[in-house]
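**Q** The structure is given below, and queries will be raised subsequently.
The values are calculated or read from the model by the stated rules, or taken from the named source; none is laboratory data. Worth saying up front: this structure is predicted, and the values here are computed from it rather than measured. Counting neighbours? That spans all protein chains shown, and the Cβs are built from the backbone with ideal geometry, glycine included. SASA here: full protein model, heavy atoms, side chains in, ligands and nucleic acids out. Shrake-Rupley method; radii C 1.70, N 1.55, O 1.52, S 1.80 Å.
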Amino acid sequence: LIENIHAREIFDSRGNPTVEVDVILTDGVLGRAAVPSGASTGDREAVELRDGTERLQGKGVLKAVDNVNTAINEALHHLSPFNQAMIDGKMIELDGTNNKQRLGANAILGVSMAVARAAANSKHVPLYRYLGGIDLQLPQPFFNVINGGVHADSGIDVQEFLITPVKRTSFRDGVEKIANVYHTLKKNLAKQGFETAVGDEGGFAPKLANTEAAIEMLYQSIRDAGYQPGAEIAIAIDPASSEFYDDDSALYHFEDKDLTSAELLEYYTKLVAKYPAIVSIEDGFSEHDWAGFKKQTDTMGQNIQLVGDDIFVTNPAIFTEGIKAGVANAILIKLNQIGTVTETIETIKLARANGYKTMLSHRSGETVDSFIADFAVAMNVGQIKSGSIARGERVEKYNQFMRIEEELGD
Ligand code: PGA
Ligand code: ZN
């Protein structure tokens, strides 16, 4: 049973405070988890409770920490950690709001994940096995190797340029191929006089002219590393377009132009025609432009994966509207957008039942907690993005997948 829950404020990969939770069971077992934090967040994400005081630019999380240590700790005292749905339900009820604004999604998620860990530890099984069914599978990984948007000052409007090893004999083999491309990309950037310092998610942040220049750079580096763009290493982008959408004018301020929704769709259509190695586009349209996203789904959705992130925010109710409206054909899954393990599982099941692909995701502000690696295998999500093969908090997830692969064998 749950004996005590203790939260503390720690720091994330961007130097911002975040919540870490320890759950201690009556058998003495500990489960610990830390909560990540986004920068290009969707409007309708569950609320990340910040103190808003002078301290740490208003970003302190002492209120959320206190909510764990008092209200949540009391409410969950001596309950079973093995009933995740019951635990998460109790916290949702205790919070009483529809977006977890009272206790904070950061408080609730920290406890939700730490309870799962404690339960797994108590049963002496790995987390992926505890949370998983019979079908345990490693996902296809997407590595964010060029950072733009609000994740870097590269000046590139598209937030993420990801590469994925479509042809691989194992997870590890895929990681090795990406490492080869990553180092080749670094050399190519340096040769052409670009900076090779990295952005928030460990990808390079060179001041390239535009999206096409970044994709050209990827094509060249994939080839120079000895692989075929498309057939062996494919490309995905996350424009995170809510960030450059103007609600008043309904225009996208993209690469020094103001584009209508229709013009942006034309841009994407030409882009994927010119670069067929692009297999996935996330948030090509704004969370406030459902019509634009729907149009893209109707015209491009047969040939390419279209992922909804900010537009669905891992929320089963909002996602249900999206399914009905025929928006996107895949969904990005982020635990802290909704705030509990149980609701996240609900959204994943909803996707599966309606033919949507799922891609599990880290946040741009991370810790070394690799919960999402175990969770991805347990849920057999199919795809994962966890940044580049640089920055410890990113690589730790990929390393955890390789440990799991070693344990699972063939
Ligand atoms: P975020 O970005 O973690 O900063 O929200 C990730 C994404 O947009 O996919
Ligand atoms: Zn996104």
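**Q** Of the listed pairs Lys207/Lys334; Lys123/Lys385; Lys63/Lys100, which have alpha-carbon separations greater than 19 Å here? List each step's numbers first, then the result.
**A** Details: Lys207/Lys334 29 Å; Lys123/Lys385 29 Å; Lys63/Lys100 13 Å.
Pairs exceeding the cut-off: Lys207/Lys334; Lys123/Lys385.
**Q** Report the gain in length on full extension from His77 to Asp258: 0.36 nm times residue separation, minus Cα-Cα distance, nm rounded to one decimal. If you can, show how the numbers build up before the last one.
**A** Working: separation 181, 0.36 × 181 = 65.16 nm, distance 5.50 nm.
Result: 59.7 nm gained on full extension.
**Q** Is any residue of the stretch 77-110 close enough, with backbone N under 11 Å, to a label point placed 7 angstrom from the Cα of Asp27 along the Cα-Cβ axis, and if so, which?
**A** Residues 81-82 qualify, since their backbone N sits under 11 Å from the label point.
**Q** Here's a follow-up. Can you give me the accessible area per residue for the chain, using a 1.4 Å probe, in Å²?
**A** 39 Å²
**Q** Quick one: among Thr53, Thr299, Thr260, which has the greatest mean-square fluctuation in a GNM of the chain with alpha-carbon springs under 10 angstrom?
**A** Fluctuation is largest for Thr53.
**Q** What is the dipole size for the chain, taken about its Cα centre, with +1 at each Lys and Arg Cβ and -1 at each Asp and Glu Cβ, in debye to the nearest 20? Before the final figure, lay out the partial values.
**A** Details: 39 positive and 58 negative charges, 203 e Å.
The dipole magnitude comes to about 980 debye.
**Q** P(r) for the stretch 203-288, please, calculated from all Cα pair distances in 5 Å bins and given in %.
**A** For the stretch 203-288, the pair-distance distribution reads 3, 13, 22, 23, 19, 11, 6, 2, 1, 0.
**Q** Same structure, new question: If you place +1 on the Cβ of every Lys and Arg, -1 on the Cβ of every Asp and Glu, and leave all else neutral, what size is the dipole of the stretch 132-178 about its Cα centre, to the nearest 20 Debye? Please list the in-between numbers first.
**A** Numbers: 4 positive and 6 negative charges, 55 e Å.
Computed about the Cα centre, the dipole is about 260 debye.
**Q** Still on this structure: So the label point goes 7 Å from the Cα of His183 along Cα→C-beta, right? Which residues of the stretch 385-410 then have their backbone N under 19 Å from it?
**A** The answer is 388-392, 395-396, 398-399.
**Q** So, one more: Restricting to DSSP loop positions (anything but H, G, I, E, B) with no more than 16 other Cβ atoms inside 10 Å of their own Cβ, which GluC sites (Glu not before Pro) remain in the stretch 166-212? Working shown, then result.
**A** Working: sites: Glu176, Glu195, Glu201, Glu212; in loops: Glu195, Glu201.
Of the GluC sites (Glu not before Pro), the ones in loops of the stretch 166-212 whose Cβ has at most 16 other Cβ atoms within 10 Å are Glu195.
**Q** Additional query: Just the accessible area for Ile338, please: 1.4 Å probe, Å², rounded to the nearest 10?
**A** Taking all protein chains as shown, Ile338 has close to 10 Å².
**Q** Pairs of Cα atoms under 8 Å, at least six residues apart: use those to get the relative contact order of the stretch 186-303, whole percent. Write down the numbers at each step before the final one.
**A** On the way: 116 pairs, mean separation 25.8, N = 118.
Value for the stretch 186-303: 22 percent.
**Q** Next question, about the same structure. Work from the charge dipole of the chain (Cβ charges, +1 for Lys and Arg, -1 for Asp and Glu, about the Cα centre) and give the residue of Tyr252, Ser80, Leu138 farthest towards its positive end.
**A** Value computed over the given set: Leu138.
**Q** Quick one: among Ala205, Ala46, Ala190, which has the greatest mean-square fluctuation in a GNM of the chain with alpha-carbon springs under 10 angstrom?
**A** Ala190
**Q** Treating the Cα atoms of the chain as identical point scatterers in vacuum, please give the log10 of the normalised Debye intensity I(q)/I(0) at q = 0.06 Å⁻¹, two decimals.
**A** -0.23
**Q** I want to verify a result. In a Gaussian network model of the chain, Cα cutoff 10 Å, which of these has the top mean-square fluctuation: Ser37, Ser80, Ser388?
**A** Taking springs between Cα atoms under 10 Å, the residue moving most is Ser80.
**Q** Of the listed peptides 1-8, 61-68, what is their order by residue-averaged count of other C-beta atoms within 10 Å, with the highest listed first?
**A** Details: 1-8: 18.2, 61-68: 23.8.
For the peptides 1-8, 61-68, the packing ranking is 61-68, 1-8.
**Q** For Lys270, which aspartates and glutamates qualify as cross-link partners when the Cα separation must be under 13 Å and same-chain residues fewer than eight apart are set aside?
**A** Those aspartates and glutamates meeting the cut-off are Glu212.
**Q** So what's the angle, to the nearest 10 degrees on a 0 to 90 scale, between helix 211-224 and the longest Cα principal axis of the chain?
**A** Approximately 90 degrees, to the nearest 10.
**Q** Determine the sum of side-chain charges near Leu131: Lys and Arg each +1, Asp and Glu each -1, restricted to other residues whose C-beta is under 15 angstrom from that of Leu131. Intermediate results must be reported in sequence, preceding the final value.
**A** Details: positive: Arg117, Lys123, Arg129, Lys349; negative: Asp88, Asp135, Glu343, Glu346, Asp369, Asp374, Glu407.
Residues near Leu131 contribute -3 overall.
**Q** Follow-up. Binning every alpha carbon pair distance of the stretch 234-341 at 5 Å from zero, what are the percents per bin?
**A** In order of increasing distance, the bins hold 2, 13, 24, 24, 20, 11, 5, 1, 0 percent.
**Q** Which stretch or stretches of the stretch 20-45 have amide N atoms under 18 Å from the point lying 7 Å from His124's Cα along the Cα→Cβ direction?
**A** It comes to 25-31, nothing else.
**Q** While we're here: What figure, in Å² to the nearest 10, do you get for the accessible area of His183 with a 1.4 Å probe and non-protein molecules left out?
**A** That residue has around 100 Å² of solvent-accessible surface.
**Q** Nearest 500 deg cm²/dmol is fine: what mean residue ellipticity at 222 nm does the chain get from its DSSP H runs of n ≥ 4 alone, each adding -39,500 (n - 2.57), divided by its residue count? It would help to have the intermediate numbers written out before the result.
**A** Working: 13 runs with 154 residues, N = 410.
Dividing the helical sum by the residues of the chain leaves -11500 deg cm²/dmol.
**Q** Please turn the phi angles of the stretch 132-142 into ³J(HN,Hα) values with the Karplus equation 6.51 cos²θ - 1.76 cosθ + 1.60 (θ = phi - 60°), one per residue in order, whole Hz, x for glycine and proline.
**A** The phi angles translate into x, x, 7, 8, 9, 9, 7, x, 7, x, 10 Hz.
**Q** Would you list Asp248, Asp157 from the most to the least accessible area, probe 1.4 Å?
**A** On the way: Asp248 150, Asp157 50 Å².
Final ranking, largest accessible area leading: Asp248, Asp157.
**Q** Note down the net charge around Gly28, summing +1 for each Lys or Arg and -1 for each Asp or Glu among other residues with Cβ under 13 Å from its Cβ. Each step should come with its number before you reach the end.
**A** Numbers: positive: none; negative: Glu3, Asp22, Asp27.
Result for the local shell: -3.
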